[in-house]
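*Asks:* Sharing a structure, written as structure tokens. Questions coming.
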Amino acid sequence: MYFSYTTLKNTFMAPILLLLVLFMPALQITGGQSAGVCYGRNGDNLPSDTEVIDLYKSNGIGRMRIYEPNQATLEALRGSNIELMVTILNNNLQALTDAAAATDWVQKNVQPYSADVKFKYIAVGNEVHPDAAEAQYLLPAIQNIQNAVKAANLQGQIKVSTAIDTTLLDPSFPPSDGAFSSAANSFITPIITFLGNNGAPLLVNIYPYFAYIGDPANIKLEYALFTSPGVVVQDGSNGYQNIFDAILDTHYSALEKAGAPNMVIVVSESGWPSEGSDAATNGNAGTYYSNLINHVKTGTPKRPNGAIETYLFAMFDENLKDGAEVEKHFGIFSPNKQPKYQLTFG
């Protein structure tokens, strides 16, 4: 996960607590859901795949993103009716510039499960930057996976895309001025064109947490947590009460300038950590996740009609994640399968 966003220009109680935990209501999700949950596996204390899928089902969580096509996960998903986004890791992109390798990937990881696993998206690469070694391989890999999906007659079910982060934007404020940077433009525009030609959305990872900690003097906590009492940023006729909408609409503006005004964005990751920094608390994380789930039922100021398909990051705290301590604490469940927050999906 990465984030870059231009500054906003400028002993009595113990039994009771035990009872509260024991009777904490399960997460629920209703029809027409907008929010799914990412299932990362970077932990040595996580439940088995079967237990994980049972946890999704028992809590009514109907969408999942995984970060590689793990066989045990796919087997556990059979018959679950959970919509799935499967990711192809960046270190696999070069190999997939060979069309035969892409065909083999689909035949091995998708076709054997496609009758009873609800594949929805294949995310080819995650947060590939234009200056990364993998950048030259991304579009050919997307094209080859798309062709392999079509050859398997699954193009009506599965959309092939890629997940980007917000560092590709410049300018990124105000939202109406949003555009892809000169460094990113030649990299991302052909990808956007290909996605548009195939009716696929663009996947974007959006983290207000990183925006806030990167510039707390100009980005207020309330603006990041969906708790601002009124409009914080006025951009023409559009007023923004939260930075999530502002970031999303900045990407919509960038898509317009890239020749894709009708492309839909799927928020492929969004979350808030519960430990590891002053802002990373259970209270803030619980507030963020709860408000995010409710907020994405409707659109943004720029795209007000329809829900925002969004994937919470992540299902579990992951004790083996690389990077800063906060990276280990994005879970909405603890590894023992207990919910960290009282969330209601739907």
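*Asks:* Please go through segment 234-250 and give me each residue that is in a helix (DSSP H, G or I) and not acidic (Asp, Glu), ordered by number. Walk me through it before giving the result.
*Replies:* Just the residues of segment 234-250 that are in a helix (DSSP H, G or I), to begin with: 243-250.
Those that are in a helix (DSSP H, G or I) and not acidic (Asp, Glu): ILE243, PHE244, ALA246, ILE247, LEU248, THR250.
*Asks:* Let me confirm something: among THR287, THR298, THR250, which residue is open to solvent by less than 10 Å² (accessible area, probe 1.4 Å) and of a type in the set (Val, Ile, Thr)? Before the answer, list the steps.
*Replies:* On the way: THR287 fails: open to solvent by less than 10 Å² (accessible area, probe 1.4 Å); THR298 fails: open to solvent by less than 10 Å² (accessible area, probe 1.4 Å).
On inspection, the qualifying residue turns out to be THR250.
*Asks:* OK, next. Residue by residue through segment 177-193, note down the ones that are in contact with a Leu (Cβ under 9 Å, 6 or more places away or on another chain) and open to solvent by less than 40 Å² (accessible area, probe 1.4 Å). Write out each step before concluding.
*Replies:* Keep residues of segment 177-193 that are in contact with a Leu (Cβ under 9 Å, 6 or more places away or on another chain), which gives 178-181, 183-185, 187-188, 190-192.
The answer is GLY178, ALA179, PHE180, SER181, ALA184, PHE187, ILE188, ILE191, ILE192.
*Asks:* Determine, yes or no, whether GLU256 is outside any loop (DSSP other than H, G, I, E, B), in contact with a Cys (Cβ under 7 Å, 6 or more places away or on another chain) and not β-branched (Val, Ile, Thr).
*Replies:* Against the criterion (outside any loop (DSSP other than H, G, I, E, B), in contact with a Cys (Cβ under 7 Å, 6 or more places away or on another chain) and not β-branched (Val, Ile, Thr)), GLU256 does not qualify.
*Asks:* Cβ-Cβ distance below 9 Å, separation of 6 or more or different chains: which pairs start in segment 257-283 with a residue that is among the acidic types (Asp, Glu) and end on one that is at pLDDT below 95?
*Replies:* Sorted first by the residue in segment 257-283, then by its partner, the pairs are GLU269/MET1.
*Asks:* Then there's this: Let me confirm something: among LEU343, LEU292, which residue is crowded, with 19+ Cβ neighbours inside 10 Å, outside any loop (DSSP other than H, G, I, E, B) and of a type outside the set (Gly, Ala, Ser)? Reasoning before the result, please.
*Replies:* On the way: LEU343 fails: outside any loop (DSSP other than H, G, I, E, B).
Step by step, each of LEU343, LEU292 is checked, and only LEU292 is crowded, with 19+ Cβ neighbours inside 10 Å, outside any loop (DSSP other than H, G, I, E, B) and of a type outside the set (Gly, Ala, Ser).
*Asks:* Just for segment 211-233: of the residues that are part of a helix (DSSP H, G or I) and open to solvent by less than 70 Å² (accessible area, probe 1.4 Å), which one is farthest from LEU292 (Cα to Cα)? Steps first, answer last, please.
*Replies:* Restricting attention to segment 211-233, the residues satisfying the condition of being part of a helix (DSSP H, G or I) are 211-214, 221-224.
With the extra rule that they be open to solvent by less than 70 Å² (accessible area, probe 1.4 Å), the set shrinks to 211-212, 214, 221, 223-224.
Values: ALA211: 16, TYR212: 16, GLY214: 20, LEU221: 14, TYR223: 12, ALA224: 10 Å.
Of everything passing the filter in segment 211-233, GLY214 is farthest from LEU292 (Cα to Cα).
*Asks:* Now a separate question. For ALA132, which of the numbered conditions (1) assigned to a helix (DSSP H, G or I); (2) open to solvent by less than 40 Å² (accessible area, probe 1.4 Å); (3) not β-branched (Val, Ile, Thr) fails to hold?
*Replies:* Failed condition: (1).
*Asks:* Starting from residues that are open to solvent by less than 10 Å² (accessible area, probe 1.4 Å) and assigned to a strand (DSSP E or B), keep the ones in segment 135-166 and report whichever is nearest to PHE180 (Cα to Cα).
*Replies:* Among them, the one singled out is ILE164.
*Asks:* Something else now. Under 8 Å between Cβ atoms, at least 6 apart or on separate chains: pull out the pairs that start in segment 62-89 with a residue that is over 13 Å from LYS118 (Cβ atoms) and at pLDDT 95 or above and end on any residue that is acidic (Asp, Glu) and open to solvent by 50 Å² or more (accessible area, probe 1.4 Å).
*Replies:* Within 8 Å, the pairs are THR87/GLU68; ILE88/GLU68; LEU89/GLU68.
*Asks:* A follow-up question, please. Among the residues of segment 170-210, how many are touching a strand residue (DSSP E or B) at 6+ places or on another chain (Cβ under 6 Å), in a helix (DSSP H, G or I) and polar (S, T, N, Q)?
*Replies:* Adding up the residues that qualify gives 1.
*Asks:* Next up: Which of (1) outside any loop (DSSP other than H, G, I, E, B); (2) modelled with pLDDT under 95; (3) touching a Ser or Thr at 6+ places or on another chain (Cβ under 8 Å); (4) not charged (D, E, K, R) is the odd one out, the single condition LEU18 does not satisfy?
*Replies:* So the condition that LEU18 fails would be (3).
*Asks:* Just to check your reading of the model, which residue among GLY276, GLY236, GLY306, GLY259 is open to solvent by 30 Å² or more (accessible area, probe 1.4 Å) and under 24 Å from ALA184 (Cα atoms)? First the steps, then the outcome.
*Replies:* Details: GLY276 fails: under 24 Å from ALA184 (Cα atoms); GLY236 fails: under 24 Å from ALA184 (Cα atoms); GLY306 fails: under 24 Å from ALA184 (Cα atoms).
Just a single option satisfies the conditions, and that option is GLY259.
The values are calculated or read from the model by the stated rules, or taken from the named source; none is laboratory data. Keep in mind that what you see is a predicted model, and the values were worked out from it rather than measured. Here Cβ is always computed from backbone atoms with ideal geometry, including for glycine, and neighbour counts include all displayed protein chains. Quick note on the areas: whole protein, heavy atoms, side chains included, nothing else; ligands and nucleic acids left out. Shrake-Rupley method; radii C 1.70, N 1.55, O 1.52, S 1.80 Å.
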